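Enquirer: Provided herewith is a single structure, encoded as structure tokens, for subsequent inquiry.
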Amino acid sequence: MLNELKKRLTGKTDSSGDAFVDALREAISPERVKFDGAHRALHGHDASVFDGGNSGPVVYPETTAEVQAVVRLANDHGRNVVPRGAGTGLAGGAIPLGAPVVVAVTRMNKILEVDVDNMIAWVEPGVVNLDLSNTLRPHGFHFAPDPSSQQACTIGGNVANNSGGPHCLAYGVTNAHVVALEVVLPSGEVAMLGGLDAEPQGLDLRGVFVGSEGTLGITTRIAVRLTKNRPEVRTLLLSFDSVTDAANTVSGVIAGGIVPAAMEVMDQRITEAVENYVGAGYPLDAAAVLLAEVDGLDAGVDIDADRIAQIGRDNNATAVRLAETDHERALLWKGRKTAFGAIAQIAPDYYLHDTVVPRSALAGVLEEVYAIAKRHDVLVMNVFHAGDGNLHPLLIFDAREEGVLDRVHAAGGEIITASLDAGGVLSGEHGIGVEKQKYMDRMFSGDDLDHQNRLRQGFDPFCRTNPGKVIPSGHSCADIQSLRNVPDKVWG
Amino acid sequence: MVASPLLVSDDPVLAAFADEVGDTGPVSVAGSRTRWSLGGELADDTRIVTAPTGIVKYQPEEMTVQVRAGTTVAELHETLMAAGQRTGLPERGGTVGGALMAGENDLRALGRGRLREALLQVRYVSAEGRIINSGGPTVKNVSGFDLPRLIVGSLGTLGLVAEVILRTNPIPAVSRWYRSNDASPADVVEAVLAPSAVLFDGTSTWVELEGHAPDVDAELTRLQAIGSFEAVSGIPELPPHRWSFTPAEALAIDPAITGSYVSVVGLGLVFASQTQPNRTVTGAVQEVHERVKANFDPTGRLNPGRNPANK
């Protein structure tokens, strides 16, 4: 703060007392290198429940060259680097460990080019997901991944997390929608991964970069695929007397050979909260609702919507409603996408889980989730991407209640165990970050993790980019303990 | 603590394959040898092994299939077809493992999905003779680094694939090919919502429409507004050599360079009578390639002589 004041008065910035910070300020600009306590505290967190982050200087580059300069300076000074988008991640992937320089790409927020001939758009990593689709939509296109945080999350963050969203059921997650990436590698070199051509030569480094949670480098330009808007959409709301019936309907639809654009389930508690919050017309008396959407051409959407309705009735649906207008459809989706915001009415804190189970195991695992929550005396709500088996149990609590966090974490651990035992996986779209490192050896052997680490070190031999994430302790690039114990006064 | 079913690697068939691969000496897997010279000629003294075969577990209701790498794609698709499903793997007479190692898309990838999207889980034998598992059996998964992406198209230079879980998708009610001699391929792409394939040989345009019959009829009506189309039984004969262009470039092929050609519009893939000039990777990307290869195969024993950068 003092520096800012001095600069305004004298036009000069004093030395921060740290050679690295001074070098960053010289390379980027004093205004876009923040080293005050407020900025560092803010960037020590993301949207997850995890703390323990410790940010060094926060830089806001505007160009690839500036990102490159930051990475090179960090290498020269032996500092680590953590890339960051909007900080909406839920697994702690953007939490800086060991006081690295945080590279916030939010000022790199331009849509550079819409190239309809190649069905792609070049965008900078700080472009907000919904802004991209809103820009493309009038031209007949959109960006298919639509995470619930899409009003805030960035495309760079979507790339890091291989983000999903309700409509990824039919269209695929981010990896299917990213064609090429310009990245600054941990070495400081700029590389183009993938390409606009049909089958770029070499190993699919683009494919592994997407979803690597910011550990393989920093994305500076992204070629995203354009998806044509569908002329016809049908949105169905099915009500059920039990979550099991809703889950069985979802399994039945997939087994019936239909891949809807989206299939989302909400249980009664969350539906009530949503209805109070947005008044979307959700039923308050149903134990579960299924929001199913099909899109495409005129005849097919009617055929598929009729079949979904029938499969719902065969599974004891108590009501089947077809959204009559675009407004009605938009309201239903608004309800679904703001579900997490609606929780605040019930309790101040929540822990949103993210596992995937085979779709045929949905009903059984959900029953277990309710039983686990009951055993640990924690309130649970379920709102999830049912179509691809992606569960999102929400554990609701008030952190001021003594001992509640222990119960929340114990319940969370058992939910993960139940999902894995049913043949599922650790995460469907939130990633591993710091949240699930300790569970990685439940899904992967030591050899499996060793190979993941070999890939990691192929990009980043010195483990300098987002260290301490994804791969659990015991493998190189993962020694969180030492990262957390930063020597005193390293950062003043 | 009980381990996840994913951790189970005591499958005797996989263990026997791992033993056969061993941990010393140059080694390669032969499938049907349909693309045997892709990425370079195998070194002479390389020991050849074969991957296990058979469909392990097919769950149509999950839209996934677990299959050994030595199974032919044709056999796999025959089994899936009985349940009304298919995969994004191209059928060229080869094996599942071979198709994944070559990394080539089906020319109908717009309708069936790109090859890389098809692989959900992979079990391969490492250069040290260990069975490595990556990815998972569910259709959505971001648990750890996405090694299946790395393995597809790697020509067996990072590990020898033993078994995979693939995503399947439903075969649409109707699949029909049409040909036109007067409609431009660019107009075709614009006129219809989601063709499964559009081909162009410089004169004629072929389009595959798939979906519910009334929708396919309606799409055909839209096509007939831009040209005359006739129903045909399938695709034209494809020239032998594969080129990779951008979708825009593939609409403006110069036959003086490629020879006679069939361009896969929207994808950028071109089949031509001339061979594509050698491609390679350079600079920082090459350095990452070399480090990844060295990390996965420190002694260079897996498929020596082949390099995915030279495909």
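Enquirer: What's the number of the condition A:I254 fails, among (1) at the interface with chain B (Cβ under 10 Å from one of its Cβ atoms); (2) at pLDDT 95 or above; (3) open to solvent by less than 10 Å² (accessible area, probe 1.4 Å)?
Expert: Failing condition for A:I254: (2).
Enquirer: Another question, if that's okay. For the range B:84-118, which positions are open to solvent by 10 Å² or more (accessible area, probe 1.4 Å) and either aromatic (F, W, Y) or touching a Leu at 6+ places or on another chain (Cβ under 6 Å) (or both)?
Expert: Result: B:R86, B:M101, B:N105.
Enquirer: I would also like to ask the following. If we scan the range A:315-330, do we find a residue that is touching a helix residue (DSSP H, G or I) at 6+ places or on another chain (Cβ under 7 Å) and either in a helix (DSSP H, G or I) or aromatic (F, W, Y) (or both)?
Expert: Checked the range A:315-330: no residue is touching a helix residue (DSSP H, G or I) at 6+ places or on another chain (Cβ under 7 Å) and either in a helix (DSSP H, G or I) or aromatic (F, W, Y) (or both).
Enquirer: Does the range A:217-231 contain any residue that is assigned to a helix (DSSP H, G or I) and among the hydroxyl-bearing types (S, T, Y)?
Expert: Just the residues of the range A:217-231 that are assigned to a helix (DSSP H, G or I), to begin with: none.
Scanning the range A:217-231 turns up no residue that is assigned to a helix (DSSP H, G or I) and among the hydroxyl-bearing types (S, T, Y).
Enquirer: Could you please find all residues in the range A:277-310 being within 14 Å of chain B (Cβ to nearest Cβ), open to solvent by 30 Å² or more (accessible area, probe 1.4 Å) and not acidic (D, E)?
Expert: A:L297, A:I303, A:R307
Enquirer: Output the number of residues of the range A:147-171 satisfying the condition of being closer than 16 Å to A:L226 by Cα and not in a loop (DSSP other than H, G, I, E, B).
Expert: Residues flagged as closer than 16 Å to A:L226 by Cα and not in a loop (DSSP other than H, G, I, E, B) within the range A:147-171 amount to 6.
Enquirer: Continuing with this model, one more query. Can you tell me which residue is nearest to the chain's Cα centre (by Cα) among those in the range B:294-311 that are facing chain A (nearest Cβ under 9 Å) and open to solvent by 30 Å² or more (accessible area, probe 1.4 Å)?
Expert: Just the residues of the range B:294-311 that are facing chain A (nearest Cβ under 9 Å), to begin with: B:294-296, B:307-311.
Still in the list and also open to solvent by 30 Å² or more (accessible area, probe 1.4 Å): B:294-295, B:307, B:310-311.
On the way: B:A294: 25, B:N295: 25, B:N307: 17, B:N310: 17, B:K311: 14 Å.
In this case the residue turns out to be B:K311.
Enquirer: Moving on to the next point. Restricting the search to the range B:189-204, which residues are open to solvent by 20 Å² or more (accessible area, probe 1.4 Å) and not in a loop (DSSP other than H, G, I, E, B)?
Expert: Going residue by residue through the range B:189-204, those that are open to solvent by 20 Å² or more (accessible area, probe 1.4 Å) are B:189-191, B:193-194, B:200-203.
Within the range B:189-204, B:V189, B:E190, B:A191, B:F200 qualify.
Enquirer: Only one residue in B:L160, B:L166, B:L147 is open to solvent by less than 30 Å² (accessible area, probe 1.4 Å), over 30 Å from B:D217 (Cα atoms) and within 9 Å of chain A (Cβ to nearest Cβ). Which one? Outline the logic, then answer.
Expert: Working: B:L160 fails: within 9 Å of chain A (Cβ to nearest Cβ); B:L166 fails: within 9 Å of chain A (Cβ to nearest Cβ).
Every option except B:L147 fails the conditions.
Enquirer: While we're on this one: What tally of residues in the range A:340-365 results from selecting those that are outside any helix (DSSP H, G or I), more than 22 Å from A:G387 (Cβ to Cβ) and of a type outside the set (G, A, S)? Spell out how you get there, then give the answer.
Expert: Within the range A:340-365, the subset outside any helix (DSSP H, G or I) is A:346-358.
Then drop every residue that is not more than 22 Å from A:G387 (Cβ to Cβ), which leaves A:346-351.
Then keep just the ones that are of a type outside the set (G, A, S); that gives A:346, A:348-351.
The total comes to 5.
Enquirer: Let me ask something else. Could you check the range A:245-259 and list, in sequence order, the residues that are small (G, A, S) and part of a helix (DSSP H, G or I)? Break it down into steps so the answer makes sense when it comes.
Expert: Initial filter on the range A:245-259 (small (G, A, S)): A:246-247, A:251-252, A:255-257.
Within the range A:245-259, A:A246, A:A247, A:S251, A:G252, A:A255 qualify.
Enquirer: Quick one: what pairs do we get from the range A:355-375, first residue over 11 Å from A:I415 (Cβ atoms) and within 14 Å of chain B (Cβ to nearest Cβ), second open to solvent by less than 30 Å² (accessible area, probe 1.4 Å) and of a type in the set (K, R), C-beta under 7 Å, 6+ apart or different chains?
Expert: Cβ pairs passing all conditions: A:V356/B:K140.
Enquirer: Condition (residue is open to solvent by 20 Å² or more (accessible area, probe 1.4 Å), in contact (Cβ under 8 Å) with a residue 24 or more places away in the chain and more than 14 Å from chain B (Cβ to nearest Cβ)) applied to the range A:383-399: is it met by at least one residue?
Expert: Just the residues of the range A:383-399 that are open to solvent by 20 Å² or more (accessible area, probe 1.4 Å), to begin with: A:398-399.
In the following step, the residues that additionally are in contact (Cβ under 8 Å) with a residue 24 or more places away in the chain were identified as A:398-399.
Filter once more, so that each one left must be more than 14 Å from chain B (Cβ to nearest Cβ): A:398-399.
Yes, the range A:383-399 contains at least one residue that is open to solvent by 20 Å² or more (accessible area, probe 1.4 Å), in contact (Cβ under 8 Å) with a residue 24 or more places away in the chain and more than 14 Å from chain B (Cβ to nearest Cβ).
Enquirer: Shifting gears a bit: Pick out the one residue from A:G157, A:G164 that is touching a residue at least 40 places away in the same chain (Cβ under 8 Å), in contact with a Ser or Thr (Cβ under 8 Å, 6 or more places away or on another chain), small (G, A, S) and open to solvent by less than 10 Å² (accessible area, probe 1.4 Å). Spell out the reasoning first.
Expert: Numbers: A:G157 fails: open to solvent by less than 10 Å² (accessible area, probe 1.4 Å).
Only one candidate qualifies: A:G164.
Enquirer: For residues that are of a type outside the set (A, V, I, L, M, F, W, C) and either part of a loop (DSSP other than H, G, I, E, B) or closer than 20 Å to A:G172 by Cβ (or both), tally how many sit in the range A:260-306.
Expert: Of the residues in the range A:260-306, 12 are of a type outside the set (A, V, I, L, M, F, W, C) and either part of a loop (DSSP other than H, G, I, E, B) or closer than 20 Å to A:G172 by Cβ (or both).
Enquirer: Could you check the range A:416-441 and list, in sequence order, the residues that are assigned to a helix (DSSP H, G or I) and buried (at least 20 other Cβ atoms within 10 Å of the Cβ)?
Expert: Scanning the range A:416-441 gives A:I416, A:A418, A:S419, A:L420, A:Q437, A:Y439, A:M440.
Enquirer: Going through A:E272, A:E232 one at a time, which residue ends up being open to solvent by 30 Å² or more (accessible area, probe 1.4 Å), without any contact (Cβ under 8 Å) to a residue 40 or more places away in the chain and farther than 30 Å from A:P83 by Cβ? Before the answer, list the steps.
Expert: Details: A:E232 fails: without any contact (Cβ under 8 Å) to a residue 40 or more places away in the chain.
The match here is A:E272.
Enquirer: Can you name the helices (runs of 4 or more DSSP H) wholly within the range B:37-119 that have at least 1 residues being over 24 Å from A:I254 (Cα atoms), touching a helix residue (DSSP H, G or I) at 6+ places or on another chain (Cβ under 6 Å) and within 14 Å of another protein chain (Cβ to nearest Cβ)? Give the derivation first.
Expert: Values: elements: B:73-82, B:96-102, B:109-112, B:115-118.
Helices (runs of 4 or more DSSP H) meeting the threshold: B:96-102.
Enquirer: Inspect the range B:92-100 for any residue being touching a residue at least 40 places away in the same chain (Cβ under 8 Å) and more than 15 Å from the chain's Cα centre (by Cα) and give the result as yes or no.
Expert: From the range B:92-100, those touching a residue at least 40 places away in the same chain (Cβ under 8 Å) are B:92-98, B:100; that's our starting set.
Add one more test, that the residue is more than 15 Å from the chain's Cα centre (by Cα), and what stays is none.
No, the conditions are met nowhere in the range B:92-100.
Enquirer: Here's another thing I want to ask about it. Check every one of the helices (runs of 4 or more DSSP H) wholly within the range B:205-265 and list those with 2 or more residues that are in contact with a Gly (Cβ under 9 Å, 6 or more places away or on another chain).
Expert: Values: elements: B:213-224, B:247-250, B:255-258.
Because the criterion is at least 2 residues that are in contact with a Gly (Cβ under 9 Å, 6 or more places away or on another chain), the helices (runs of 4 or more DSSP H) in the range B:205-265 that meet it are B:213-224, B:247-250.
Enquirer: Please list, ordered by first then second residue, the pairs with beta carbon atoms under 6 Å, 6 or more apart or interchain, first in the range B:235-258 and facing chain A (nearest Cβ under 8 Å) and of a type in the set (A, V, I, L, M, F, W, C), second open to solvent by less than 70 Å² (accessible area, probe 1.4 Å) and not in a loop (DSSP other than H, G, I, E, B).
Expert: So the pair list comes out as B:F245/B:V270; B:A248/A:N118; B:A250/B:S263; B:A250/B:V270; B:L251/B:A186.
Enquirer: Scan the range A:326-347 and report the pairs whose first residue is free of Cβ contacts under 8 Å to residues at least 12 places away in the same chain and whose second residue is open to solvent by less than 30 Å² (accessible area, probe 1.4 Å) and assigned to a helix (DSSP H, G or I), with Cβ atoms within less than 9 Å and a gap of 6+ or a chain change.
Expert: Note: pairs meeting the criteria are A:A344/A:A273.
Enquirer: Assuming A:L405 fulfils every condition listed in (1) at the interface with chain B (Cβ under 8 Å from one of its Cβ atoms); (2) surrounded by fewer than 18 Cβ atoms within 10 Å (Cβ to Cβ) apart from one, which condition is it?
Expert: Here A:L405 clears every test but (1).
Enquirer: Another question about this same structure. Which of the residues spanning the range B:280-293 are assigned to a helix (DSSP H, G or I) and either within 13 Å of A:P200 (Cβ to Cβ) or open to solvent by less than 50 Å² (accessible area, probe 1.4 Å) (or both)?
Expert: Step one: filter the range B:280-293 for residues assigned to a helix (DSSP H, G or I), giving B:283-293.
Answer for the range B:280-293, where residues must be assigned to a helix (DSSP H, G or I) and either within 13 Å of A:P200 (Cβ to Cβ) or open to solvent by less than 50 Å² (accessible area, probe 1.4 Å) (or both): B:G283, B:A284, B:V285, B:V288, B:H289, B:V292.
Enquirer: Residue check: is B:E210 under 26 Å from the mean Cα position of the chain (by Cα) and either within 11 Å of chain A (Cβ to nearest Cβ) or within 30 Å of B:N141 (Cβ to Cβ) (or both)? Please lay out each step first, then the result.
Expert: Numbers: under 26 Å from the mean Cα position of the chain (by Cα): yes; either within 11 Å of chain A (Cβ to nearest Cβ) or within 30 Å of B:N141 (Cβ to Cβ) (or both): yes.
Spelling it out, B:E210 is indeed under 26 Å from the mean Cα position of the chain (by Cα) and either within 11 Å of chain A (Cβ to nearest Cβ) or within 30 Å of B:N141 (Cβ to Cβ) (or both).
The values are calculated or read from the model by the stated rules, or taken from the named source; none is laboratory data. The structure presented is a predicted model; accordingly, all values stated were derived computationally and were not measured. Counting neighbours? That spans all protein chains shown, and the Cβs are built from the backbone with ideal geometry, glycine included. Quick note on the areas: whole protein, heavy atoms, side chains included, nothing else; ligands and nucleic acids left out. Shrake-Rupley method; radii C 1.70, N 1.55, O 1.52, S 1.80 Å.
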